[in-house]
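> Encoded as structure tokens, here's the structure I'll be asking about.
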Amino acid sequence: MSNVRKMLVEGLSDAAGFVVGGLLGYGLGRLLNLDLFASGYGPSTLAAIVLIGLCAGAGLQAARIWRTERDKPGPK
């Protein structure tokens, strides 16, 4: 795989994992009745921010694990 293609796959998969993880965190926060967009920084808002950050980071790590598994050489 060429270097440019490898970097493109790395960047796009990292971005997709981060965004999908963040969206899942937002959805989970809505299910838990955490209001991200409430006025001020109350406990509910801070918990939503933390949850979205954790899920976005987990999505990024999942994308990196996927990419590592994808790049492993298969049996010959």
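> Restricting to region 8-33, and then to whatever is more than 19 Å from G57 (Cα to Cα) and surrounded by 11 or more Cβ atoms within 10 Å (Cβ to Cβ), can you tell me which residue is nearest to the chain's Cα centre (by Cα)? Don't jump to the end; show me each part of the working.
Step one: of region 8-33, the residues more than 19 Å from G57 (Cα to Cα) are 8, 31-33.
Within this subset, residues satisfying the condition of being surrounded by 11 or more Cβ atoms within 10 Å (Cβ to Cβ) are 8, 32.
Numbers: L8: 17, L32: 19 Å.
Selected residue: L8.
> Go through region 43-60 and give me each residue that's touching an Asp or Glu at 6+ places or on another chain (Cβ under 7 Å) and over 15 Å from V20 (Cβ atoms). It would help to see each step written out before you state the result.
Within region 43-60, the subset touching an Asp or Glu at 6+ places or on another chain (Cβ under 7 Å) is 44-45, 48, 60.
Correct list: S44, T45, A48.
> Which number in (1) assigned to a loop (DSSP other than H, G, I, E, B); (2) surrounded by 14 or more Cβ atoms within 10 Å (Cβ to Cβ); (3) among the aromatic types (F, W, Y) marks the one condition that F37 misses?
Just one mismatch for F37, condition (2).
> Given the criterion within 19 Å of L8 (Cβ to Cβ), surrounded by 15 or more Cβ atoms within 10 Å (Cβ to Cβ) and out of contact with any His (no Cβ under 6 Å at 6 or more places or on another chain), identify the matching residue among L51, L60.
Values: L51 fails: within 19 Å of L8 (Cβ to Cβ).
Only one candidate passes the filter, namely L60.
> Test S39 against the stated conditions and say whether it is touching a residue at least 24 places away in the same chain (Cβ under 8 Å) and polar (S, T, N, Q).
Details: touching a residue at least 24 places away in the same chain (Cβ under 8 Å): no; polar (S, T, N, Q): yes.
No, not satisfied.
> Shifting gears a bit: How do the pairs read when you match residues in region 5-26 that are free of Cβ contacts under 8 Å to residues at least 24 places away in the same chain with residues anywhere that are assigned to a helix (DSSP H, G or I) and among the aliphatic types (A, V, I, L, M), using Cβ under 9 Å and keeping only pairs 6 or more apart or on different chains?
A15/L60; A15/A63; L23/I52; L23/A56
> Same structure, new question: Cβ-Cβ distance below 9 Å, separation of 6 or more or different chains: which pairs start in region 45-67 with a residue that is under 14 Å from G27 (Cβ atoms) and among the β-branched types (V, I, T) and end on one that is surrounded by fewer than 20 Cβ atoms within 10 Å (Cβ to Cβ) and modelled with pLDDT under 95?
Filtered contacts from region 45-67: I52/L36.
The values are calculated or read from the model by the stated rules, or taken from the named source; none is laboratory data. None of the values given here were measured: they were computed from a predicted structure. For neighbour counting, all protein chains shown are included, and Cβ atoms are generated from backbone atoms with ideal geometry for every residue, glycine included.
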